[in-house]
Every structure is written in C-alpha cells, then in structure tokens.
Amino acid sequence: MNRFWIILFHTYLSKLKTKSFIITTIVTALILVGLTNMTNIIDYFNKGNDENEKIAVIDETGELFPLVTAQLKTVNDELELEAYTKSEEKAEGEVEAEKYRGLLILKFNKDQLPAAVYKSLSIADNQIPGDLEFTIQQIKAQIAASQLQLTPDQLAKLSEPISFERVALKENAKTQEELSQARGLVYVILFVIYFAVIMYANMIAMEVATEKSSRVMEILISSVSPIKQMFGKILGIALLSLTQMAVLLVVGYYFIKRNLQSLQGGFFEFLGFQNIPLSTIIYALVFFLLGYFLYATLAAFLGSLVSRIEDVQQMITPMTFIIAAGFMIAMFGLNQPDTTFITITSYIPFFTPMLMFMRVGMLTIPVWEPILGIAILLVSITLLAVFGAKVYKGGVLMYGKSNSFKDIKKAIQLTKNE
C-alpha cells in the first residue's frame, strides 16, 4: 500500500509544481476576478463616455422636443437631449467631431404621428437608439389615443400586458421562477463538468504515455500492481483537480461576496446564485467526481496503448467525442428536460454525469432515479477498472506503432501470457 501512496503523491506533487498548472490556475483565477468585477470594470471604462451623453435634436415639428425630453427621463435619466437650431449638415459634422453622441431628427408622418431618424458614428450601440425609440413610441401612442379620443385609462388598458401564468399540476414541481434559476445554475455547472473531465482525463492519458515513452514502465509494472499504479495516477490527478478548483472557488467566493451589491439582478440573478439548494450542490459534486473517475479510468488504459506522446490525442479522440455528445444532449435538455429521449440517455453511463445532474437540477424527480444513476456509474467504473487494469498491464509493455483499438486485444493477450 505504501507504493500506491508514493505513486499518488508523486503524480500530485509533480503536476502541482509544473508551470502549465500554475499558469492555468492563475489565468483562470484572473478571469473569475474579471467576471465578478465586470460591473465595476464597465463603469470605469464608461466614465469618459458618460460625460458625452448629449444628443443633438432637430425638431422639425416644433412640438415634440419637450414631450420627448420629459418622457425620456422616465426611461434613461443619464441621457441628455439638446435642441439644435443649426443645419442638419452642421449637426452631422459635430457628431463626427464627437461633440454629440448622436443626432435625433423629429418629424410627423402623413398621419400626423411622430417619426424620427437617429444618426450616429456607428449603429452597433443599441442602448441609446433603443431608449429613444421606446420613448417616441410612448409619445406616438399618446397622440394616437388623443386622435381617437381615448381616455388615459382606456389607453392604459390597451397597453396593459395580459396575465399569463404557468402552473404545474405535478406535485412538488418547480415553479417557472425556480426553473429559470435552475436552468442558469445547471448550465454553468455542466460547463464545469465538461471542461474539467476533458482536461483532467487528457492529463492522465498524457501522464501514462509520458512515463511509458521514458521506458521506466517496465520497472514500475514489476514492482507495483497495475490496479495500484493506474488508480494512484487517477487519484493523484483527482487531488490535483480538487486543489485547483478549491483555489478557484475561494477566489470566486471572495469576490462575489465583495461585489454582491453590484451583482444583484440581471445576468447573475438568471444564474440563480442567490438561492442554491444544498441538494443541487451535493449532486453536482457527486456526479462530477463519478464522471471524472469514469473517464479517467478510460483515459488511463487508452494512454497505456500508445508509445509516443504524439499519439495520445488520436487515441482519446473517441472519448472526447463521447463527452462532447453528452454535453450537447444536456444543452438540448435544458429547454426540454422531461422528454423521453433525455430520460433514457441519462441512464447511459457515459452520459449519466451530465444528463442525470441536469434532470435533478431542472426537474422534481423521484429520489430513486439519481440513486440508480449513481449505482450505474459505480458499477461501470468498477467494470471499467477491472478491464482497464488488464489492458493497462499489457498495454504499458507494448512499444512500437500504435494500431488504435486493435491493440486492446493484444494488451489483454500479453496479460494472460504472464
């Protein structure tokens, strides 16, 4: 057992000290810092633009400017309208000189209803034109109502949105608000599972192939059983991944707490970070770890079949496609999590970590379903470990050009001959 721990901690510490791991962790942490401080960063860079939020207005009607100015304050109180009395060409020149953010020309159409033209250096910015369009639309509705001799109360009734409520008849089903929050949270965690499994499984395959290419594998395999060696590496990389994620979680938690006031509403409210159920966190951790061990075991014995590091990617490409397929099915399932297709595929071991977690997060399903999914994963990992150990033991002694999956049979034959 001492040799197992030696392999585990050697794998962990050797990878922990590599420049690639340190740089990746630092860069990812900086991205997290940037995301959690996004509001402050945007405000900082918008300081200069806020000083020039003036819009030149040429009112050809002589009536609309005061109405638009008053109505705009209820929509965007930072935007300032300024009456412009010179020619349109002169105004365009001052917009190009960046004295104004844009030029708004107000006029009446043939029905004597408001119409407008907005000119700016670029049409890429949608916020200001959108605010102006909404403001003028409101004024148009008021004038049209006046022409039709509608009272303000009648106009309000026409503009009032309908009451449309969605009610689930199934007992303990999630509400629409809970479903929307769960969708955002599951979306983020699915991304974490997807990229983490791919990255760390690749790392295991590369680790095995690297040792094999250095010709020290014959010594290791004669002194340590293949099961101990394979799982020593798998658990070593698992410990490495948990270390990296712990660092990222601490950084993310600190800056989210620090900027909690500015992160209220909007995108962060959609993600559902305010009220994360404890059960969702537990399921996320369980399915992440089981998915990792499933693919890590697969990657370890696939890596043992190649003799050159250059062949690793080719050998594990089918595994990567399986992970990508599971992720794409999960993305489809976010909008329709209760379909029969999603339910059936969630019990396929290679898809279970992502799909079963997605169903648990999005739906109210019986407890036995995720437990069955966990049991399927545990059985699959055990079977894959037993089979993988046989392939691993023979595969690490095979050198020369790899013939892809045909080498699995050859590796098992080598194990039987010992």
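The values are calculated or read from the model by the stated rules, or taken from the named source; none is laboratory data. Model, not experiment: these values are computed from the prediction. All Cβ positions, glycine included, derive from the backbone under ideal geometry; neighbour counts span all protein chains shown. Please note that ligands, DNA and RNA were not included when accessible areas were found on the heavy atoms of the full protein model with its side chains. Shrake-Rupley method; radii C 1.70, N 1.55, O 1.52, S 1.80 Å.
Of note:
- Taking each residue of the range 355-366 that is in the same structural domain as Ile342 (by TED's automatic domain parsing) and looking for partners that are open to solvent by less than 10 Å² (accessible area, probe 1.4 Å) and among the aromatic types (Phe, Trp, Tyr) with beta-carbon atoms closer than 9 Å, six or more apart or interchain, yields Met356/Phe287; Phe357/Phe287; Val360/Phe287.
- Number of the exception - Gln112 against (1) polar (S, T, N, Q); (2) open to solvent by 30 Å² or more (accessible area, probe 1.4 Å); (3) part of a helix (DSSP H, G or I): (3)
- Entirely in the range 334-418, the helices (runs of 4 or more DSSP H) that have 2 or more residues that are at pLDDT below 70 and open to solvent by less than 70 Å² (accessible area, probe 1.4 Å): 368-395, 406-417
- Considering residues of the range 285-312 that are at pLDDT below 80 and more than 16 Å from Gly388 (Cα to Cα) only, the residue least open to solvent (accessible area, probe 1.4 Å): Val312
- Phe231 meets the conditions (1) farther than 20 Å from Phe293 by Cβ; (2) open to solvent by 30 Å² or more (accessible area, probe 1.4 Å); (3) modelled with pLDDT of 60 or more in every case but one. The failed one is (1).
- Flag for Ala238 being modelled with pLDDT of 80 or more and closer than 24 Å to Thr25 by Cα: yes
- Residues in the range 85-100 that are among the β-branched types (Val, Ile, Thr) and in contact with a strand residue (DSSP E or B) (Cβ under 6 Å, 6 or more places away or on another chain): Val95 alone.
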